[in-house]
Structure formats: C-alpha cells, structure tokens
Amino acid sequence: MNSAPTTSEKILQCAQALLVAGGYNGFSYADIGKVIGIRNASIHHHFASKAVLVQTLVRQYREAAQDGVAAMERNITDPLAQLRAYAGYWESCMTQPESAFCLCAMLAAEMPMLPQEIAMEVKAHFRFFALWLESVLERGQRQGSLRLTDAPRVEAERFLATIHGAMLSARAYDDPKMFGVIVHPMLERLAA
C-alpha cells in the first residue's frame, strides 16, 4: 500500500517539475510554496537552502537512474536491446511535461552558474551514463551486435549527446515525436 508523500517528498517533486520547466534559476521557494500550499519557512525546515534542495534532488535522481540501469542490466542482456530500452524510456517520457527532459541535462546547460555541490552531482550523472554506455557499446562490438565507427568512448558520448539533443529538439519544436525522428536513425546506424 502506497502512503501519501511526505512534505519533503512533495517539495522535491515540485522542485523537479519546476527545474525541468525552467532550470535552476527559473524557480524559488515561493514558487514551490504556492504549488504545494506551504510557507517558505516550512520549506527551509526541510531544506536549508535552494542549493541543498537541488543537490538532494539531483542525488536522488542520479541514484534512481543508476538503479534503473542496474535493473535493465539484469533484465536485458543484448547490448542493442539495452540501447533501445534506454532510448525508449526517454521517448516515452516526451509526452509528460514533468519528465520530458533529463533533469541533469537541464542543469548542465546552467553549469557555470550552479553551486559547486550541484555541479559535482550533475557531472557524476554524466560520468556514470558515459561509462555505462561505453561498456554496452564495447560488449555489443565484441559480440558483433553493434557496428561502431569510432572508439566505444566516443560513440558513448555521441549517443548521450544525441539523446539529450533530441530532448532539446522535441522541446524546441514542441513536438514529442521529434525525439524519435532523431534517435531512431542513430540506433539503426549502430545495429550490425
């Protein structure tokens, strides 16, 4: 049985939606307070500062993403199928405003202005996915299920950049289908 979210969880959920919609500097505690119906002092009780709130949110987001990858690794063994599942996850998110953009990709666009503790969490997120993708691509190349034109590390960074760029294009065109238009040909190019 699911229990109702705690105030802290409501604050984090609201902050995530606001971050995805407008970035780090696009919201304040007052915005969160209006959405969930609490005062700024109550938010400060749970999160002493906006930086602490966003750092907590990014850490949880990163950990959830890592758990998702671990589950995928257990359930899907074929490297191409893993790449398709990862892309498919994001494609399914494109129609949901609160999840249509990777939180860490959004924050990466603001890196020069982020507090250092948040920037470190964002970098850790990108490092994790780049290393995971590199391992998937190496495995696929060894098994003969993937055809790489560059080193696995380069292909991993290209794959990650394509996923995030497709999110950006879908947002810019206000067309969730743009994600697939960009990502599907990349997946076909990698298929051996």
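Some observations on this one:
- Counting only Cβ charges, +1 for Lys and Arg and -1 for Asp and Glu, the dipole size of segment 55-190 around its Cα centre is about 300 debye.
- At least 24 Å along the helix axis (C-alpha) and Kyte average at least 0.0, DSSP helices within the chain: 152-172
- For the chain, diffusion coefficient by Stokes-Einstein and Kirkwood Rh (Cα), 37 °C, 0.692 mPa s, µm²/s: 184 µm²/s
- Inter-site label distance for I36 and T162 at 7 Å from Cα along Cβ, in nm: 3.8 nm
- A Förster radius of 41 Å, combined with the Cβ-Cβ distance separating Y173 from A48, puts the computed FRET efficiency at roughly 0.55.
- Taking amide hydrogens as placed 1.01 Å from N in the peptide plane, the amide H of L146 sits under 5 Å from those of Q141, A192, each at least 5 positions away in sequence or on another chain.
- Under 24 Å from K50, Cα to Cα: lysines that are on another chain or at least 8 residues apart: K10, K34, K123
- R0 of 41 Å, Cβ-Cβ distance S8-D150: FRET efficiency to nearest 0.05: 0.40
Every number here is computed from the coordinates shown, using simple stated rules; none is lab data. Everything quoted here is computed from the prediction, not taken from an experiment. Neighbour counts are summed over all protein chains in view; Cβ atoms, including those assigned to glycine, are modelled from backbone coordinates with ideal geometry.
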